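This report concerns only the one structure given below.
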Amino acid sequence: MQNAITLRRRRELITAAILLVLLIVLPLPFHDPYTRNLMILTLLYAALAQSWNILGGTCGQISLGHSLYFGVGAYVSTLLFVWHGVPPWFGMLAAAAVAGLLALLVGWPCFRLSGHYYAIATVVVQEIAYLLFLNWDYIGGASGVYVPFHGQSWMNLQFRTAKLPYFYVMLGFFALTWIAAWLIEGSRWGFSWRAVKDDVIAARSLGVRVFPSKMAAAAISGGLTGVGGAIFAQFVGYIDPDSILSGPLSILIALPAVLGGVGTLWGPLLGAVVLIPLRELSSTFLGSSGSGVDLMLYGALIMVVALMRPQGLVSLFQRGRNGSAS
Amino acid sequence: MAALLEIRNLSKSFGGVAANVDISFDVAPGEILGLLGPNGAGKTSLFNSISGEVTPDVGEILLEGRRISGLGPVACAMAGIARTFQVVRSFDSMSVRENVMVGAFTRLGSTRAAMAQADETMEFCGLTRRADAPAHMLSPAEKRRLEVARALATGPKILLLDEMLTGLTPTEAQEGVALVRAVQARGITILMVEHVMEVVLPLVSRAIVLNLGRVLTIGTPAEIVKHPEVIRAYLGDRYAAG
């Protein structure tokens with residue numbers, strides 16, 4: 001069968017394949033660690049926003065506490081590695097499982113709230129977790145956890161100075177989140193979740209189970225975000241609540257998707273490509289620590305996008321929207 | 001023939017306002033039953049009970065002899081009740097085809113099957129030409145059609161139409177009437193709310209008139225228009241001399 005949906009989905013796959021090839025060769029001409037670092041972070045935030053988008057964009061449940069899943073994922077994988085020498089590849093699976101379960105646990109009470117109230121509840125839960133981790137001395141408390149260097153190896157996901165391996169791991173992570181989003185988009189789940197986002201009452205009347213839909217979306221979104229935390233911890237070698245479980249990080253996870261286009265397949269990547277280099281530049285030229293300039297920058301960006309392009313930057317590339325689609 | 005849908009002594013009030021009081025009637029398989037009454041008579045409220053959106057305070061609703069009241073909208077949809085809404089509720093971030101596919105997924109798991117079902121239903125409802133248009137771009141009449149298509153795609157036994165013909169131009173209303181007849185011809189039972197008598201009476205086999213939450217009368221269209229209580233409810237005492 002061939003129709004607008006199948007054609008669009010095939011086009012998306014082809015675009016993704018071309019993009020993947022481009023991204024694989026992209027870092028090769030750039031040898032300085034700064035640029036490669038920037039690429040790695042961009043991919044990280046693209047993937048995190050893609051994960052966020054599964055719940056916030058597809059299912060319409062705006063979470064402003066996603067650093068909870070990122071942070072918990074990082075802690076799970078890191079502590080397994082530090083205490084028991086579990087390779088981070090297995091740590092990622094554990095991180096996904098724990099973060100996914102945690103998302104279900106958060107969703108159980110919070111999904112009884114709708115709209116803004118749900119968003120506020122996610123902020124509160126994440127802040128509680130932040131304070132908890134800050135004061136939990138058993139897992140390092142405010143001073144955090146150092147990831148000991150066990151020698152350069154793919155198994156431990158540790159590399160002395162090389163950035164390239166991390167780039168490809170992040171690329172793999174981004175590809176994973178993209179494929180998850182793409183598969184969901186074409187499945188019964190994706191249709192149900194979008195129905196929940198658009199009109200709960202109509203969705204219910206068509207047999208869509210609203211609460212389980214939100215829970216499933218949250219579990220997948222949270223689990224993928226947890227994987228990101230696990231990879232990030234190996235990349236930076238040090239985690240503490242301020243760097244991986246904070247309110248500003250929660251905003252930064254959601255922002256690329258909002259900027260690029262909420263609920264779209266390419267919005268998160270596009271948003272991250274714009275936002276993350278801009279953030280790095282601003283912290284390089286304006287000073288990073290505690291100045292708040294970066295926050296002003298995010299605010300200004302959101303205002304500009306909300307005023308000029310409410311559907312996100314991705315709408316700049318779309319043809320045939322607004323009724324003329326054929 | 002056994003009734004498809006049975007309403008037994010149903011009452012529902014919302015904070016002291018009695019929306020439905022002791023309502024009982026049967027819907028026979030294959031018929032088009034009209035649900036009439038002035039504004040505020042309790043028609044939409046009754047619809048919400050039948051589709052599971054609200055739970056009746058008293059009484060029960062049976063579909064093919066099985067109790068469905070109080071089970072919620074999802075269970076009602078799975079049992080074979082589909083509805084449209086008085087104020088149209090389309091999924092505005094989706095195309096027409098995607099809207100109808102959500103309905104098709106009620107009974108189908110695979111995307112391919114849901115697409116085929118949606119295509120067939122859109123063809124039946126005359127929406128094929130608009131299949132890839134975003135739902136929010138449709139005209140009011142097309143949106144009504146979309147609601148019918150989405151409901152039909154769930155594969156229902158009974159279709160509840162809430163003022164599907166209200167607010168349409170005469171031509172659009174005629175097309176709507178033709179669609180309702182075509183749905184009946186497929187063997188799907190229809191319960192339709194309208195408050196425009198002249199539109200609905202030629203269409204239905206029987207009609208129920210509600211007033212102030214109670215059943216005023218049940219009968220064939222010919223009986224309804226002559227009933228003094230109906231005339232009184234619609235036109236006031238002066239005209240009810242009969």
Top of B:118, B:82, B:133 by mean-square fluctuation, Gaussian network on chain B, Cα under 10 Å: B:133
Hz values of 3J(HN,Hα) by residue in the range A:221-232 - Karplus curve (6.51, -1.76, 1.60), Gly and Pro given as x: 4, x, x, 5, 4, x, 4, x, x, 4, 5, 4
Pair residue B:39, residue B:226: separation of 7 Å Cα→Cβ label points (nm): 3.2 nm
Cβ crowding within 10 Å averaged over residues, with B:95-102, B:61-68 ranked highest first: B:95-102, B:61-68
Alpha-carbon spread of chain B, three principal axes, descending order, Å: 58, 39, 38
Average partner coverage of B:88-97, which counts Cβ from other chains inside 10 Å: 5
Protection-proxy order for peptides A:61-71, B:207-217, A:91-101, each taking the mean of Cβ atoms within 10 Å per residue, highest first: A:61-71, A:91-101, B:207-217
Distance (nanometres) between label positions extended 7 Å along Cα→Cβ at residue B:212 and residue B:28: 3.2 nm
Inter-probe distance in nm under a simple model that places probes 7 Å from Cα toward Cβ, at residue A:18 and residue A:309: 1.8 nm
Under 5 Å, built H, 5+ apart or other chain: amide partners of residue B:210: B:36, B:37, B:216
Alpha carbon Rg of the range A:38-168, scaled by the compact-globule rule 2.2 N^0.38 Å: 1.16
Rg ratio (alpha-carbon, reference 2.2 N^0.38 Å) - the protein assembly as shown: 1.16
Karplus (6.51, -1.76, 1.60) ³J(HN,Hα), θ = phi - 60°, over the range A:269-283, in Hz, Gly and Pro reported as x: 5, 4, x, 5, 4, 7, 6, 5, x, 4, 5, 5, 4, 5, 6
Length gained when the stretch residue A:97-residue A:161 is fully extended (0.36 nm per residue, less Cα-Cα span): 20.0 nm
Length-normalised contact order of the range A:4-313 in % [C-alpha pairs under 8 Å, at least 6 apart]: 33 percent
More than 16 angstrom apart: percent of Cα pairs within the range B:91-155: 31 percent
Full-extension gain in nm, residue A:10 to residue A:281, via 0.36 nm per residue minus C-alpha separation: 93.9 nm
Within the protein assembly as shown, percent of DSSP bridges classed antiparallel, to nearest 5: 60 percent
Amide H contacts under 5 Å for residue B:18, placed H, 5+ residues apart: none
Peptide-level mean, for A:185-195, of C-beta atoms on other protein chains within 10 Å: 5
Integer Hz, Karplus 6.51/-1.76/1.60 couplings in order for the range B:29-44, x for Gly and Pro: x, x, 8, 10, 10, x, 10, 10, x, x, 4, x, 7, x, 5, 5
For the range A:4-313: rounded, prolate or oblate by the Cα gyration tensor [a/c cutoff 1.5]: rounded
Euclidean distance of C-alpha centroids, the range A:16-43 and the range B:137-208, integer Å: 56 Å
Helical mean residue ellipticity (222 nm; -39500 (n - 2.57) per DSSP H run of 4+; nearest 500) of the protein assembly as shown: -17500 deg cm²/dmol
Over the range A:101-164, relative contact order from alpha-carbon pairs under 8 Å, at least 6 apart, %: 13 percent
Averaged over B:180-192, number of beta-carbon atoms from partner chains that fall within 10 Å: 0
Neighbourhood net charge (14 Å Cβ-Cβ; Lys/Arg +1, Asp/Glu -1) for residue A:246: -4
Mean separation of Cα contacts under 8 Å (6+ apart) over length of the range B:87-194, as relative contact order %: 30 percent
The range A:204-257 versus the range B:47-126: alpha-carbon centroid distance in Å: 32 Å
Partners for residue B:43 among lysines (Cα-Cα distance below 29 Å; same-chain residues under 8 apart left out): A:197, B:12, B:143, B:157, B:226
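Since every read-out is calculated from the coordinates, none of them should be taken as a lab result. All figures in this text were calculated on a predicted structure; none of them were measured in a lab. Here the Cβ is made from the backbone with ideal geometry for all residues, glycine too, and neighbour counts use every protein chain on show.
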